[in-house]
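Peer 1: For reference, the structure I am asking about is given below.
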Amino acid sequence: MSKDYLLVKKKDGIATIYINRPEKKNAFNYDMWTNLIDILEELELDIEVKVLVIRGIDDTAFVAGADISEFTTIRSTAVGEKLYNQAVSKVEKALMNFSKPTIAMIQKYCIGGGCIIALACDLRFSSESGIFAITPAKIGIIYSYQGTKNLIDLVGVARAKDLLFSARKLNSYEAYSYRLVERIFPDEEIAAKTYEYADSIARLAQKSIKGAKKIISEINDGKMQETEEIYELTVSSYASSDYQEGVKAFIEKRVPNFKEV
């Protein structure tokens, strides 16, 4: 039954994971975390997928946090909480290591676990009605190391402290000023604008995009110098068929038709 809470659609190189639990404002339970890991692994291997969008099934919510009922079941003991956190951590890592661009399309609530997912994506687009909060201090738990690092990487140390200490809610414009989101769109336009952007990425050279994502990740992880692997990755692009097509299209003043995945 929980698998119905996560639906996948693919069209024109764009995969969408729909979070489908609107009656609970898309609150995440343990099974949803474990199923999301499986879905991400499948999409990583799917050569037809060039961009991934994660969103709610409608405008009810992105993810309004954790399933409260599990605090008295699987999350009621230290052992159960460890198991739960391991599933969350695997999702974070799978999203951060996903070789293709990922976009969190946020409508209304992006709370707690919703922020964990959004922060692990490459980009976050919000509707004007977006509401953001990171709330472990409201229930006496500690935000994960990786989630905290992702938050600091985006908003800086002082603002990360503000959000984690206060557990307060931010509207979309304050979230934008904090650099939690990259773009804000009117509620009625966010889907069209998000997919328009995703489609523009899907039409470009995927070798270039994957290479850029990997290099940015290496730099963000503290690599101070180019590794041999990165050097070879960069040099190999000049021998690719996409490079030849890109140069030819530029000279001929036409749109390139990139083929490599």
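Peer 1: How many of the residues making up the range 51-90 are under 20 Å from Lys10 (Cβ atoms) and in contact with a Leu (Cβ under 9 Å, 6 or more places away or on another chain)?
Peer 2: Number of matching residues: 3.
Peer 1: What about Ile152, is it in contact with a helix residue (DSSP H, G or I) (Cβ under 7 Å, 6 or more places away or on another chain) and either more than 27 Å from Thr60 (Cα to Cα) or without any contact (Cβ under 8 Å) to a residue 12 or more places away in the chain (or both)?
Peer 2: Judged against the criteria, Ile152 is a match.
Peer 1: Of all the residues that make up the range 7-40, how many are over 20 Å from Arg75 (Cβ atoms) and in a strand (DSSP E or B)?
Peer 2: Result for the range 7-40: 10.
Peer 1: Among the numbered conditions (1) in contact (Cβ under 8 Å) with a residue 60 or more places away in the chain; (2) on the phi < 0 side of the Ramachandran plot, tell me where Lys11 comes up short.
Peer 2: Single failed check for Lys11: (1).
Peer 1: Say we look at the range 193-243 and pick out the residues that are outside any helix (DSSP H, G or I) and not small (Gly, Ala, Ser); which of these is farthest from Lys149 (Cα to Cα)?
Peer 2: Of everything passing the filter in the range 193-243, Arg203 is farthest from Lys149 (Cα to Cα).
Peer 1: Filter the range 163-175 down to residues that are of a type outside the set (Asp, Glu), in a helix (DSSP H, G or I) and over 27 Å from Gly222 (Cα atoms), then give me how many there are.
Peer 2: Of the residues in the range 163-175, 3 are of a type outside the set (Asp, Glu), in a helix (DSSP H, G or I) and over 27 Å from Gly222 (Cα atoms).
Peer 1: Let me ask another. Taking the range 113-162 only, how many residues are assigned to a loop (DSSP other than H, G, I, E, B) and not small (Gly, Ala, Ser)?
Peer 2: Counting residues in the range 113-162 that are assigned to a loop (DSSP other than H, G, I, E, B) and not small (Gly, Ala, Ser) gives 9.
Peer 1: Take Arg159 and tell me if it is assigned by TED's automatic domain parsing to the domain that holds Cys115, among the charged types (D, E, K, R) and surrounded by fewer than 16 Cβ atoms within 10 Å (Cβ to Cβ).
Peer 2: No, not satisfied.
Peer 1: Which of the residues spanning the range 116-164 are under 15 Å from Lys93 (Cα atoms) and touching a Pro at 6+ places or on another chain (Cβ under 7 Å)?
Peer 2: Of everything in the range 116-164, just one residue is under 15 Å from Lys93 (Cα atoms) and touching a Pro at 6+ places or on another chain (Cβ under 7 Å), namely Asp122.
Peer 1: Of everything in the range 176-191, what is β-branched (Val, Ile, Thr) and either part of a helix (DSSP H, G or I) or outside the structural domain of Cys115 (by TED's automatic domain parsing) (or both)? Give them in sequence order.
Peer 2: Listed by number, the list holds a single entry, Ile190.
Peer 1: Please specify each residue of the range 113-133 satisfying the condition of being closer than 20 Å to Leu164 by Cα, surrounded by 24 or more Cβ atoms within 10 Å (Cβ to Cβ) and not aliphatic (A, V, I, L, M).
Peer 2: Result: Gly113, Gly114, Cys115, Arg124, Gly130, Phe132.
Peer 1: Regarding Ser2, is this residue out of contact with any Gly (no Cβ under 8 Å at 6 or more places or on another chain), loosely packed, with under 13 Cβ neighbours inside 10 Å and modelled with pLDDT under 95?
Peer 2: It is false that Ser2 is out of contact with any Gly (no Cβ under 8 Å at 6 or more places or on another chain), loosely packed, with under 13 Cβ neighbours inside 10 Å and modelled with pLDDT under 95.
Peer 1: Which of the residues spanning the range 41-92 are at pLDDT 90 or above, among the basic types (Lys, Arg) and in a loop (DSSP other than H, G, I, E, B)?
Peer 2: Lys50
Peer 1: Is it the case that Lys25 is in contact (Cβ under 8 Å) with a residue 12 or more places away in the chain and surrounded by fewer than 22 Cβ atoms within 10 Å (Cβ to Cβ)?
Peer 2: Yes.
Peer 1: So if I check each of Ile19, Ile57, Ile68, Ile47, which one is within 15 Å of the chain's Cα centre (by Cα) and β-branched (Val, Ile, Thr)?
Peer 2: Ile19
Peer 1: May I ask you to list the residues in the range 135-150 that are buried (at least 19 other Cβ atoms within 10 Å of the Cβ) and within 16 Å of the chain's Cα centre (by Cα)?
Peer 2: If the condition is that a residue be buried (at least 19 other Cβ atoms within 10 Å of the Cβ) and within 16 Å of the chain's Cα centre (by Cα), then Gly147, Asn150 are the ones that fit.
The values are calculated or read from the model by the stated rules, or taken from the named source; none is laboratory data. Everything numeric in this text was worked out from a predicted model, so none of it was measured. A quick note on method: Cβ atoms are made from the backbone with ideal geometry, for glycine too, and the neighbour counts reach across all protein chains shown.
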